[in-house]
Structure formats: structure tokens, C-alpha cells
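A quick write-up on the structure given underneath.
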Amino acid sequence: MSTAATSTASVFGAVHLGYIVIETNRFADWRRFGTDAIGMHHDTLSRDLMRFRLDDQECRFLLRRGPAEDVVATGWHIDDHASFEQIEARIRAHGVPVVQGSDEEAALRGVERLLRFPGPKGITQEIYTTPLTSAEPLRMLASGFVTGDSGMGHIALTSTKPTQIRGYFNTVFDARLTDYIDETISGVKLKIRFLRVNERHHSIAVATTRGLPVDPIRTRVQHLNIQAATLDDVAQSYQRVHELGFDMALSVGQHTNDKELSYYARTPSGFEWEVGWNPIVIDETIWEPSTHQGISIWGHLPVGQTIVDKLAQFRAGARSLAHPENTVPALSGAGIADD
């Protein structure tokens, strides 16, 4: 089959967020955060490598030692070899380099057939076909997490070029627009786009400051999300985050668009970590994008935010003006304008 033919077939529904790679030097803090606060299963691989599990898959979060204090890669589980090859073909057809992961790199991520290529904001995108499962029983405080056909949660980015990021994920994964949220926080107007690649309401969220070409977030991601199995898991992990002295970014609340009940903690690396419960599942036969006013029906109030925190955000935004944002133009093109 030709490259042109393979690149036109849709892969929507065959793509699922599978794992996330984080670079940090704060291993002790991350271990306490992941296991004792959030309640995940932990495996130490070496002095410079550790993993967290949410389910029977060997790896959902790979932490490697390094200075970034940020997410450096996202891994996407592709259901079948045909869809995997369609994605590879369309990336190559746009002239973007694709690198095959080594056997060692695939083993660290608990996957087979690993490819990587450049992604927006310097976050490497990785695709794989077969996740490896572990026979070792889960040792975690949470009763469980929801993964399966919806993937393992979502990532949220801030961007000065949101239409290009939407264009990128449409080109690569046939991502669909789920909806928008318009929000004003501390006088700053935000527009957030929510993109889905399967039945999960969104696997990618992209926020931009309206009328201001600045990115107020130091890290590549603004937050990550994982979905707890029960409401009790959300409440108990929220209490553990407080008791262990980790910073809380937003209190418990419920979102307007996906109806997920959640809270946001601040990770040892500085970006936020959302633990949520019971978001809606998209029915493709009836769904139409719409715009919601405000991110929350109730709750999600800032916790412990000071004027120093706000000044730090303004400084980060000012610095972003001097660093052009990379959206991988070969894959994002002119972008996709708001509907």
C-alpha cells in the first residue's frame, strides 16, 4: 500500500494515552508523592529510573533522572499494526524524522515496537503497539484507576499557538474537537480547547491567553490527569496530599464540560496533577462541540496562592515572549481555526 493511501485512513479510536515520561532530580519527593499521596504502585529500576503503575501494564509513568523537572515525552498506545503504520506513514510523508526506539528504551516503557518523533512544546511523541503486562500484584493505596479503551487520562498544555497544536494532533492522530471553555482568571481571559482521540472526553487540552501572546507556565505541561476508580479514592488521596504537606493547587470541584469531579495537586516538579472521577464518555453519534462559560460548576478554588505566586506567573509569561514556541510546523501547518 502506498504512503498516500495509508496516510488517509482515519486512526481515530485506535489511539490511547498510554504512558508519560518525566525528567526530574527529585526522586525521593516523587516517590512519596506518587505512592503515599496519590496512591499508585511504585517500582524502583535503578538509582536513575523508577516507574509508577495504575493497572496491570508494566509502566504508566517513567521517571528518569535529569534537570528538566517536566514531562519530556508522551506515549500513545496504538491498537493495531495497520493504524501504527498509517501514523508512521503520514509523519514521514510530511518530512518529519521518525526514530525507532531501542529494545532497552521499549523495555523501560513496558512496550513493543516503539517509534518517536517531535511534538509541540518540545514534548517528544512516542507510539507503540503492544503494552507489556506484569504478573506482580499491584501494591497501592488506591482501589484502582480507570484506563482501558479511554486510555489513562489526559495532558493539558498552555500555548501561544493553540490552532497549530490542534492542527498537529489532527494531522497525527485525527483528533476531534470536543468543546471549548471560556474562563477569566485574575482578569486574564483564557480559551481552552479539548481534543479527543477516542471515547474519553479529552486526551489533550490546550489553553491560551486571549489577546496576549504569552505562555504563563514554566513547564511544558500545565497538568496531567488520571481517573480514579471511586469517589472514595479521590477523597482519600486529597486528604493524603494535605497530610503529607504537598501543595494543593485547586480544591475539589466539578468541571462544566466533562462533569469530572476532581482536585489538582502540585507535583514535586512544579506542574499540576489532577485526580478525577466519573467524567462523561462521548457518544460519537450525537456529540456536537459547544462552548462552556467557566471551568467549574462548583469548587476548584485556588489553595494558598500568594501574590508571590502571581508575580512568578507574570515573569514566566514575560520570558515566554523571548522564546518562540515550536509547534512542529510540518505537522501543524496553518493550524485549525476555532469552529
In whole Å and largest first, what semi-axes does the C-alpha gyration tensor of segment 1-135 yield when each eigenvalue is scaled by 5 and square-rooted?
29, 16, 12
Based on alpha-carbon centroids, what's the gap between segment 215-293 and segment 26-45 in Å, whole number please?
19
Please give the per residue accessible area of the chain, computed with a probe of 1.4 Å over protein heavy atoms only, in Å².
42
Set of aspartates and glutamates near K121 by C-alpha distance (under 14 Å), chain-local residues within fewer than 8 positions excluded:
D70, D215, E325
At a 1.4 Å probe, what is the % contribution of carbon and sulfur to the accessible area of segment 220-279?
47
Rg to Rh ratio, the chain, alpha-carbon atoms and Kirkwood radius?
0.94
Using a Gaussian network model of the chain with C-alpha springs under 10 Å, which one of L45, L250, L157 is most mobile by mean-square fluctuation?
L45
On the accessible surface of segment 13-120, probed at 1.4 Å with all protein chains in place, carbon and sulfur together account for a percent value of 46
Between H323 and H242, what is the spin-label point distance in nm, taking each point 7 Å from the Cα along the Cα→C-beta axis?
3.5
Virtual spin-label span in nm between T184 and A28, 7 Å along Cα→Cβ:
4.6
Please check: in the Gaussian network model of the chain (C-alpha springs, under 10 Å), which one of V111, V146, V99 has the largest mean-square fluctuation.
V99
With only alpha-carbon atoms in the gyration tensor, what are the semi-axes of the equivalent ellipsoid for segment 255-296, in Å, largest first?
26, 12, 9
Could you state how much accessible area K259 has, in square angstrom rounded to the nearest 10, with a 1.4 Å probe and all protein chains kept in place?
80
Estimated 222 nm signal from helices in the chain, with DSSP H stretches of n ≥ 4 weighted -39500 (n - 2.57), rounded to 500:
-6000 deg cm²/dmol
For E112 and L141, what is the calculated FRET efficiency with R₀ set at 41 Å and r taken between the beta-carbons, to the nearest 0.05?
0.85
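The values are calculated or read from the model by the stated rules, or taken from the named source; none is laboratory data. Not measured: the values here are computed from a predicted model. Note that each Cβ is placed from the backbone with ideal geometry, even for glycine, and that neighbours are counted across all protein chains shown. What goes into the accessible areas is simple: the full protein's heavy atoms, side chains included, and nothing from ligands, DNA or RNA. Shrake-Rupley method; radii C 1.70, N 1.55, O 1.52, S 1.80 Å.
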